[in-house]
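Reading through the structure tokens given below for one structure.
Values in this text are rule-based calculations from the coordinates and carry no lab data. Computed from a predicted model, the values in this text were never measured in an experiment. Here the Cβ positions follow ideal geometry from the backbone for every residue, glycine too, while neighbour counts run over all protein chains shown.
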Amino acid sequence: MELTDNEVVKVRAIITAVDNGKKITDLPPATGGIESYKIEVVDITGESKQLNLFSAI
């Protein structure tokens, strides 16, 4: 099976994203109050959503 040109572009974009990804230990420390931060949550369907960290506590 040969990939189309569009599929090749997508695969290259995925590889670039993976290569440029960061681990949590690579990220800078958070500063300031928790009310300004958002976290990712996943509902029971598996869909990702954002939530204010202060509301989650």
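What the phi angles of region 39-51 give under the Karplus curve with 6.51, -1.76 and 1.60, with θ = phi - 60°, is a coupling list of 10, 8, 10, 10, 7, 5, 8, x, 7, 7, 9, 9, 9 Hz, glycine and proline written as x. What does the charge count around V41 come to, taking other residues whose C-beta lies under 10 Å from its C-beta (Lys +1, Arg +1, Asp -1, Glu -1)? Net of charged neighbours comes to -1. Volume per residue of the convex hull around the Cα atoms, evaluated for the chain, comes out as 151 Å³.
Over the chain, Cα pairs under 8 Å with separation of 6+ residues give a relative contact order of 23 percent.
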